[in-house]
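The values are calculated or read from the model by the stated rules, or taken from the named source; none is laboratory data. These figures come from a predicted structure and were not determined experimentally. Glycine also receives a Cβ, built like all others from the backbone with ideal geometry; neighbour counts cover every protein chain displayed.
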């Protein structure tokens, strides 16, 4: 497992990160701990959570993921585990989160309260990487960054980052940090995969030139790039449920990921993977890891088998011919996902 620095910070992490949004939802605690153990044994020391996990968020389960991760962390020396989590973004926009009665915001009171609650659930006195889950573009960045800087000064947080952020928002935040002498975001966690390559354009330029690390989530396109949606809607799969029983936001998300263009791209990618003698999962994760602006690719799992499939990519390096084939496919079927949601922020 390679190790890479997060931005310009002192944090250096495994280049694969274990995502935990299934813990307490699709995975019970025993399975979640077994997944963490397998990831750890494979060399992963970086684990990503959020205060509203598991997904889909519900009032009954919110915070359970952090509790499960916290109990697992007790089995390891604290300094050997790099833990990331997130404060929920504003609740007045695209999504009303089931935390703090849906009246969430990124002001001082709520950020501090969220951080303290996460520390309690995780059973630790500091968070290695604390991220805003999504931004509030109507609020001054210096206010948000100022509070996060206070948390770092208090020793509760080591490094700060953002998630689901636009290129404009990231640059605005960096300008605010420099202008107001507060901490900067060292990482940005966005959706990035072979069916959503938008990060390779504007966001990649920001990351390279400003030394901000991308932490891609959904490198398997929400499971689409495992091929499981090719024939039908598999029982128990997240988007299968969203398409049938989800609310309008969930149905829209599912249609972004599962549509004729993403399925055609997946079919062609499967042929490339087969020609290389590797799995489609390994191809997708390896491709994500090979970007110079990526520090750590976040994988998820609901079983040990799923995690094993993703871990096949840990030592896999795609040659230039393969990368060229993937670029040719992108040119033939550009932007398979209809959009990635950021334009609604």
So is residue 290 out of contact with any helix residue (DSSP H, G or I) (no Cβ under 8 Å at 6 or more places or on another chain) and under 29 Å from residue 314 (Cα atoms) or not? no
Taking only the range 13-44 into account, find how many residues are without any contact (Cβ under 8 Å) to a residue 12 or more places away in the chain and either closer than 18 Å to residue 85 by Cα or assigned to a strand (DSSP E or B) (or both). 0
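Right, residue 279: under 17 Å from the mean Cα position of the chain (by Cα) and at pLDDT 95 or above or not? Give the derivation first.
Working: under 17 Å from the mean Cα position of the chain (by Cα): no; at pLDDT 95 or above: yes.
Judged against the criteria, residue 279 is not a match.
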I'm trying to understand the selection: among the residues of the range 146-157, which are more than 19 Å from residue 11 (Cα to Cα) and either in contact with a strand residue (DSSP E or B) (Cβ under 8 Å, 6 or more places away or on another chain) or assigned to a loop (DSSP other than H, G, I, E, B) (or both)? none
So if I check each of 106, 129, which one is in contact with a strand residue (DSSP E or B) (Cβ under 7 Å, 6 or more places away or on another chain), farther than 20 Å from residue 61 by Cβ and not in a loop (DSSP other than H, G, I, E, B)? 129
Just one of (1) out of contact with any strand residue (DSSP E or B) (no Cβ under 7 Å at 6 or more places or on another chain); (2) in a helix (DSSP H, G or I); (3) on the phi < 0 side of the Ramachandran plot trips up residue 139, so point out which. (2)
Looking across the range 45-75 at residues that are part of a loop (DSSP other than H, G, I, E, B), in contact with a helix residue (DSSP H, G or I) (Cβ under 7 Å, 6 or more places away or on another chain) and free of Cβ contacts under 8 Å to residues at least 60 places away in the same chain, the single one that is surrounded by the most Cβ atoms within 10 Å (Cβ to Cβ) is 53
Taking the range 112-126 and keeping only residues that are in contact with a strand residue (DSSP E or B) (Cβ under 8 Å, 6 or more places away or on another chain) and without any contact (Cβ under 8 Å) to a residue 40 or more places away in the chain, one is left with 119, 126
With the first residue restricted to the range 230-245 and required to be on the phi < 0 side of the Ramachandran plot, and the second required to be in a loop (DSSP other than H, G, I, E, B), Cβ contacts under 6 Å at 6 or more apart or on different chains are 234/228; 239/258; 240/233; 240/234
Looking at 170, 174 in this structure, which one is outside any strand (DSSP E or B), touching a helix residue (DSSP H, G or I) at 6+ places or on another chain (Cβ under 6 Å), at pLDDT 95 or above and over 20 Å from residue 90 (Cβ atoms)? 174
Restricting attention to the range 283-325, which residues are crowded, with 20+ Cβ neighbours inside 10 Å and assigned to a helix (DSSP H, G or I)? 283, 284, 285, 286, 287, 288, 289, 307, 310, 311
Pick from the range 302-338 the residues that are in contact with a strand residue (DSSP E or B) (Cβ under 9 Å, 6 or more places away or on another chain) and within 30 Å of residue 168 (Cα to Cα): which of them is modelled with the highest pLDDT? 336
Of the residues 267, 208, 256, which is in contact with a strand residue (DSSP E or B) (Cβ under 9 Å, 6 or more places away or on another chain) and either more than 22 Å from residue 49 (Cα to Cα) or not in a helix (DSSP H, G or I) (or both)? 256
